[in-house]
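Below is one structure, written out as structure tokens; the observations come after it.
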Amino acid sequence: MSGDKRRGPPSMGGERETLRAFLDYHRATLAMKCEGLTDEELRQRSMPPSTLSLLGLVRHMAEVERAWFRRVFEDHDAPMVWSDTIDFQAAYDASASTGAEAFAAWEAEVENSRRVEREAESLDLVGHQPRWSEEVSLRMVMVHVLLEYGRHNGHADFLREGVDGTVGA
């Protein structure tokens, strides 16, 4: 991992600016945890029987971005990235995946999510979460996805340490 190039969230800011900044900070954290690793290292699993790997986390977060932004606000029937069904566990199997493939999918979903958020008039934008058959606000979606990144970046800390001993950030 090279130096920390992440841009920290503002100390003072409005709700939307703060949520956006924290979400981008956590996205950058996941990318940083994977930086400089080979595909083989990215696929290295935590411990049997878990299939958890850094590459699996990137794939999973592509699914999370799609499920919470694209499927909620644009296309309720959009297929998942890595499975034909709504199976978030399928993303964790990165055994046949490459970093280039996983990061391309994740980055495309992140850009789509950013666009959805930018184009929304307010955080009160309402979408439909098809898995819950429930209406949700953009605010709720941003907080939910932020929590997903926070949890999985904790996993990424341990995974990266297991791969090459790198700790921190």
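Applying the Karplus relation 6.51 cos²θ - 1.76 cosθ + 1.60 with θ = phi - 60° to the stretch 139-148 yields 3J(HN,Hα) values of 4, 4, 5, 5, 5, 4, 5, 4, 5, 4 Hz, where x marks Gly and Pro.
What does the net charge come to around V163 if you take all other residues with beta carbon closer than 13 Å to its beta carbon, with K and R at +1 and D and E at -1? So the environment of V163 carries a net charge of -3. With every protein chain in place and a 1.4 angstrom probe, the accessible-area ranking of S11, S133, largest first, reads S11, S133.
Couplings 3J(HN,Hα) of the stretch 25-36, computed from phi: 4, 6, 4, 5, 5, 4, 4, 5, 5, 9, 4, x Hz, in residue order, whole Hz [Karplus 6.51 cos²θ - 1.76 cosθ + 1.60, θ = phi - 60°; x for Gly and Pro].
Only helices enter this figure: runs of n ≥ 4 DSSP H residues, each worth -39500 (n - 2.57), summed and divided by the residues of the chain, yield -17000 deg cm²/dmol at 222 nm to the nearest 500. For the chain, a simple Cβ point-charge model (Lys and Arg +1, Asp and Glu -1, everything else neutral) yields a dipole of about 400 debye relative to the Cα centre. What does the charge count near V143 come to, summing +1 for each Lys or Arg and -1 for each Asp or Glu among other residues with Cβ under 14 Å from its Cβ? Net charge in that neighbourhood comes out at 0.
Count Lys and Arg as plus one, Asp and Glu as minus one, and take only other residues whose Cβ is under 15 Å from that of L37; the net charge is then -3.
Short-range pairs are left out: with C-alpha atoms under 8 Å and at least six residues apart, the relative contact order of the chain is 27 percent.
The values are calculated or read from the model by the stated rules, or taken from the named source; none is laboratory data. Since this is a predicted model, take the numbers as computed values, not measurements. Quick reminder, even Gly has a Cβ in these numbers, built from the backbone with ideal geometry, and neighbours come from all protein chains shown. These area figures cover heavy atoms from the full protein model, side chains too; ligands, DNA and RNA do not enter into them. Shrake-Rupley method; radii C 1.70, N 1.55, O 1.52, S 1.80 Å.
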